[in-house]
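> After the structure tokens below, expect a handful of questions from me.
The values are calculated or read from the model by the stated rules, or taken from the named source; none is laboratory data. This structure is a prediction, so every number in the text was calculated from the model and none was measured. Glycine gets a Cβ as well: all are built from the backbone with ideal geometry, and neighbour counts include every protein chain shown. What goes into the accessible areas is simple: the full protein's heavy atoms, side chains included, and nothing from ligands, DNA or RNA. Shrake-Rupley method; radii C 1.70, N 1.55, O 1.52, S 1.80 Å.
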Amino acid sequence: MSELLPSHFAPMSLGSALLVIVALIAAYMVFTLAGFGTALFASAPLAAVMPVAKVVPLLALLDCTVSVMRGWRARHLVDVAELKGLLPGMLLGQLVGVVLLAQISASIMAIFLGTFVMIQGGRGLLSKSSVKLVTEQRGTAFRHGMLGGLLGGLFGSGGFVYAAYLERRLESREAFRATQATLIALSTAWRVGLCIVAGLIDWQLVITALMLLPALVVGIALGKRVDLHLTRQQLFMLLNGLLVLSGLSLILRWI
């Protein structure tokens, strides 16, 4: 089986292999709790043992697989109104992101957006008020979808924008996770399609994804166990903490 992977994986020590596995477990543990975060935890370890150009397609395959399964199982809990509000902006934002990626400096955009995301997350962490549901106009949903899609098109990671929006909109944790999973499934499926057209996904990468599935299963199981002990306020703090880390990750990646 290892002979199927030489074009993707560089020779690695046992320590490096364990780092990749632990990173994936942590990434999908967070993904189970918050609906995003895989790139934050897994990109750097994977980039150390395989070409960077293969990291985003690989994570897109894994994210799409997990999100489709979660979204399908909980499809009856999806908030269709919120999904319809975010989806048009998300699709348009991804298209704009791809165009901008070819036209402007990605580093400038990453620093600007990363700073914005860190500020938003920091405001949430410093807030002393309790978590309250908010009622916003549909145009706000479109703007959040647009920003998430823009980040997805530019950097392959925009799920935290949808999560931050939905967490304030949906009282039911189950509805939040089902709607978030459906959005990520649609987003990553779109990205997988673009990667296939661009020739970035081949059968070896698909086999690599299949070989890594056990780490995903462990991460998801651990995430479900932790979720049993999280209050809504704790989940809110987790999401905002991850916003800060996501913004910092964007900045450090491109400076």
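> List the residue pairs whose Cβ atoms are under 7 Å apart, where the first residue sits in the range 161-180 and is modelled with pLDDT under 85, the second is of a type in the set (Ser, Thr, Tyr) and not in a helix (DSSP H, G or I), and the two are 6 or more positions apart or on different chains.
Hits for this filter: zero, empty list.
> Next up: hydroxyl-bearing (Ser, Thr, Tyr), under 24 Å from residue 25 (Cβ atoms) and either open to solvent by less than 20 Å² (accessible area, probe 1.4 Å) or not in a loop (DSSP other than H, G, I, E, B) (or both): is that true of residue 208 in this structure?
Yes.
> Right, another one. Could you tell me whether the range 183-190 includes any residue that is exposed (fewer than 14 other Cβ atoms within 10 Å of the Cβ), in contact with a helix residue (DSSP H, G or I) (Cβ under 8 Å, 6 or more places away or on another chain) and either on the phi < 0 side of the Ramachandran plot or assigned to a loop (DSSP other than H, G, I, E, B) (or both)?
No; the residues of the range 183-190 include none that is exposed (fewer than 14 other Cβ atoms within 10 Å of the Cβ), in contact with a helix residue (DSSP H, G or I) (Cβ under 8 Å, 6 or more places away or on another chain) and either on the phi < 0 side of the Ramachandran plot or assigned to a loop (DSSP other than H, G, I, E, B) (or both).
> Just one of the numbered conditions (1) surrounded by 15 or more Cβ atoms within 10 Å (Cβ to Cβ); (2) outside any helix (DSSP H, G or I) is not true of residue 171; which one?
It is condition (1) that residue 171 fails.
> Oh, and also: For a quick check of your reading of the model, give me the residue pairs whose first member lies in the range 24-38 and is in a helix (DSSP H, G or I), whose second is surrounded by 23 or more Cβ atoms within 10 Å (Cβ to Cβ) and of a type in the set (D, E, K, R), with beta-carbon atoms closer than 6 Å and at least 6 apart or on different chains.
Pairs that qualify, where the first residue is in a helix (DSSP H, G or I) and the partner is surrounded by 23 or more Cβ atoms within 10 Å (Cβ to Cβ) and of a type in the set (D, E, K, R), are 38/63.
> Here's a check for you: in the range 116-147, which residue that is modelled with pLDDT under 80 and under 18 Å from the mean Cα position of the chain (by Cα) is surrounded by the fewest Cβ atoms within 10 Å (Cβ to Cβ)?
So, considering only residues that are modelled with pLDDT under 80 and under 18 Å from the mean Cα position of the chain (by Cα), the one surrounded by the fewest Cβ atoms within 10 Å (Cβ to Cβ) is 116.
> Contact list please: Cβ distance under 8 Å, first residue in the range 78-90 and under 14 Å from residue 161 (Cα atoms), second residue open to solvent by 50 Å² or more (accessible area, probe 1.4 Å) and among the aliphatic types (A, V, I, L, M), pairs at least six apart or on different chains.
Within 8 Å, the pairs are 87/186; 89/146; 90/146; 90/186.
> Only one of 239, 213 is open to solvent by 40 Å² or more (accessible area, probe 1.4 Å) and either assigned to a helix (DSSP H, G or I) or not hydroxyl-bearing (Ser, Thr, Tyr) (or both); which?
213
Table: residues versus (1) out of contact with any helix residue (DSSP H, G or I) (no Cβ under 9 Å at 6 or more places or on another chain); (2) modelled with pLDDT of 80 or more; (3) not in a helix (DSSP H, G or I).
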| position | (1), (2), (3) |
| --- | --- |
| 61 | no, yes, no |
| 66 | no, yes, no |
| 69 | no, yes, no |
| 72 | no, yes, no |
| 83 | no, yes, no |
| 86 | no, yes, no |
| 92 | no, yes, no |
| 97 | no, no, no |
| 102 | yes, no, no |
